[in-house]
1. Could you give me D for region 40-156, from Stokes-Einstein at 20 °C and 1.002 mPa s, where the hydrodynamic radius is the Kirkwood radius over C-alpha pairs? Units µm² s⁻¹, please.
2. Normalise the Cα radius of gyration of region 1-96 by 2.2 N^0.38 Å (N = residues in it) and let me know the number.
3. Obtain the nm distance between the two label points defined at E319 and S279 by a simple spin-label model: each point lies 7 Å from its Cα along the Cα-to-C-beta direction.
4. What is the spread of the Cα atoms of region 107-207 along each of their three principal axes, largest first, in whole Å?
5. Compute the angle between helix 245-264 and the longest alpha-carbon principal axis of the chain, please, reported from 0 to 90 degrees and rounded to the nearest 10.
6. Tell me the angle of helix 69-82 to the major Cα principal axis of the chain, expressed in degrees between 0 and 90 and rounded to the nearest ten.
7. Among 57-69, 127-139, 190-202, how do they line up from the highest to the lowest mean number of other beta-carbon atoms within 10 Å?
8. Counting other Cβ atoms within 10 Å, which GluC sites (Glu not before Pro) in region 262-347 have at most 15 and lie in a DSSP loop?
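The values are calculated or read from the model by the stated rules, or taken from the named source; none is laboratory data. Predicted, not measured: the structure shown is a model, and the values here were computed from it. Using ideal geometry, Cβ is built from the backbone for each residue, glycine included, and neighbour counts are taken over all protein chains shown. The area values use the complete protein model at the heavy-atom level, side chains included, leaving out ligands, DNA and RNA. Shrake-Rupley method; radii C 1.70, N 1.55, O 1.52, S 1.80 Å.
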Amino acid sequence: MNKVTWRSPSNIALVKYWGKKQGVQIPANPSISLTLEQCYSETSVSLVEKEKKTKEVELRFYFDGKENMAFRLRMLKFFDIVSKDFPLLQKYGLLIHSTNSFPHSSGIASSASAMSALSLCLCDLQQQLDNKKLKEEKFLNEASYYSRLGSGSAARSIYPYASQWGKTKSVKGSSDEYAIPFEKGLHKVFRNFQDTILIASSSEKKVSSRVGHSLMKTNPFAKTRYQQAETNLKDLIVALKKGDLEKFGAIAEEEAMTLHALMMCSNPSFILMAPSTLSMIEKIRQFRELSKLPVYFTLDAGPNIHLLYPQNIKRKVDEFIYAQLERYCEQGKMIHDNTGKGPFRVK
Ligand code: DP6
């Protein structure tokens with residue numbers, strides 16, 4: 001029976017999505033991200049004959065070759081939300097195999113790559129069964145829409161290099177329901193931009209994204225934050241078009257620090273940085289000051305640093321990383337990533 005495999009990358013937000021509006025995964029503010037290449041999920045979905053003739057979804061889920069019940073439950077919740085749009089979910093049983101290119105215990109969030117890979121598989125299979133071939137633009141738009149229902153940030157993994165999600169006056173065609181590509185007009189420096197992920201700690205997330213987002217509901221700075229995101233998005237778009245690295249870096253760092261500050265002043269409060277995160281931030285700022293090189297950082301909702309810099313200074317930045325930052329990484333762990341072309345069908 002039918003089987004498809006998609007590889008879909010992770011992405012790193014520059015303007016962060018943090019906080020949701022009423023509805024299913026509707027962002028409280030617009031966000032923008034760079035699409036990565038080396039950190040990805042590869043997921044294959046096979047349609048098998050159903051054991052029971054009921055409408056209930058039948059699913060076996062394997063992660064890294066082992067049956068995984070926790071992930072299976074998450075998938076079932078997702079299928080519940082999207083099942084009305086995918087008749088295949090009722091008609092066939094599903095056998096899903098998924099792997100990540102990055103180690104499970106690296107502290108890297110996998111929901112963006114995993115949920116986008118899965119959504120691409122579902123959209124692909126459903127169109128095969130319906131015997132129709134959507135235009136690529138429409139296909140990706142649908143895949144982004146369903147990815148968002150699985151995990152908000154996953155909506156942005158669908159597009160090459162950079163992607164924008166969330167309705168805003170600054171971007172024509174923007175939507176809360178799906179991300180849109182930001183390729184046209186993007187300065188060429190960002191087509192091969194470097195992101196070295198410095199693993200400060202690989203322990204489990206202290207707080208799930210779901211809980212983190214919900215804390216914004218009572219955060220006293222929420223309104224100001226949402227305005228700041230709008231302004232940062234508008235300014236960042238100009239920087240991404242011009243290749244203005246200084247402006248790019250200033251916004252990326254402000255967004256990272258704001259995200260963490262918001263968590264610190266939430267109720268309950270969370271400190272998501274590790275001591276080594278702060279040490280690395282200091283080293284990066286010192287290095288930038290002395291070298292005058294465009295090296296910046298951003299953070300996810302966790303302790304790991306994403307070191308962002310253009311490809312043409314990679315050798316110098318590598319020297320800096322190994323001389324001054326490696327010692328702060330857990331067992332020296334880091335992942336060298338870069339912006340990439342987005343998801344593709346493997347077979
Ligand atoms: C800090 O997309 O993981 O990485 O929609 O609840 O699945 P859910 O949340 P998720 O949140 C990502 C938060 C972030 C910022 C970002 O990627 O924009």
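1. 147 µm²/s
2. Dividing the Cα radius of gyration by 2.2 N^0.38 Å gives 1.30.
3. Spacing of the two 7 Å Cα→Cβ label points: 2.3 nm.
4. So the extents along the principal axes, rounded to whole Å, are 48, 32, 26.
5. Compared with the principal axis, the helix lies near 70 degrees.
6. The angle comes out near 70 degrees.
7. 190-202, 57-69, 127-139
8. Passing both the DSSP loop test and the Cβ count: no residue.
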